[in-house]
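Structure first, then comments.
Nothing in this text is a laboratory measurement; each read-out follows from the coordinates by a stated rule. Just so we're clear, the structure is a prediction, and the values are computed from it rather than from any experiment. Positions of Cβ are generated from backbone atoms using ideal geometry, with glycine treated the same way; all protein chains shown enter the neighbour counts.
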Amino acid sequence: MAQINPSILSADFARLAEEAKAVEGADWLHVDVMDNHFVPNLTLGVPVVESLSRATDIPLDCHLMIEEPDRWAPQYVEAGAGSVTFHAEAAAAPVRLAREIRAKGARAAMALKPATPIEPYEDLLPELDMLLVMTVEPGFGGQAFLDIMLPKIRRTRELIARHGLELWLQVDGGVSAETIERCAEAGADVFVAGSAVYGTDDPAAAVRMLRHQADEATAAASWACRH
Ligand SMILES: O=C(CO)[C@H](O)[C@H](O)COP(=O)(O)O
Ligand SMILES: [Co+2]
């Protein structure tokens, strides 16, 4: 079944515990950590993740858009994150970092900005639990989905299948009722949605609707039949 991870970037930061409750039934809560260096925006850090992990039963999927993830990512695991994603463009030693995240008890994931190809990282895939293909330029919520990323999603799914891996393939940025089916058909199975969930009157219903759409599209997709 498709996993839907609402992004709290589009939530009210003064009411994060309530905003987490508003998406009960979501698979993970996506937490965008930005440092105003790797991306031109600033959000939250370790103490907020620590408090949020105590305030909700939904596991936290921390997307680190920061420099020096080798230094910071382990602290997010200690703060209670169930999954920690570092960017390929920022990590100094991605294999060592992925192993450290896993050794500390979280799922290890790596993200690719739109201009970063997947091919140079093929050998790294067995070290990861999830690969994130960004479908907008990281930094801000509410941007338009980049259709041009669909071939990269397809190629990544092919590589995962070729290596016989159980790796999850996440998409993040502009995922909505209009775009989620295209992502699922291309091979994504974990979907981050910020504005398409928190920008509605009923965020929990939006999660259910997006999951239904993704499941239908996956069932019709050739990559899932071969899986
Ligand atoms: O990582 C991100 C931005 O860098 C966010 O997770 C993403 O943009 C979610 O917001 P939306 O669904 O509104 O695009
Ligand atoms: Co994100």
Separation of alpha-carbon centers, region 166-203 and region 108-129, rounded to whole Å: 19
Zone of residue 224's modelled label, taken as backbone nitrogen in region 132-169 under 15 Å from a point 7 Å along Cα→Cβ: 169
Cβ-derived FRET efficiency at R0 30 Å, residue 54 paired with residue 96, nearest 0.05: 0.55
Computed label-point distance, nm, for sites residue 202 and residue 215 using a 7 Å Cα→Cβ extension: 1.7
Overall Cα dimensions of the chain, principal axis frame, Å, largest first: 43, 42, 30
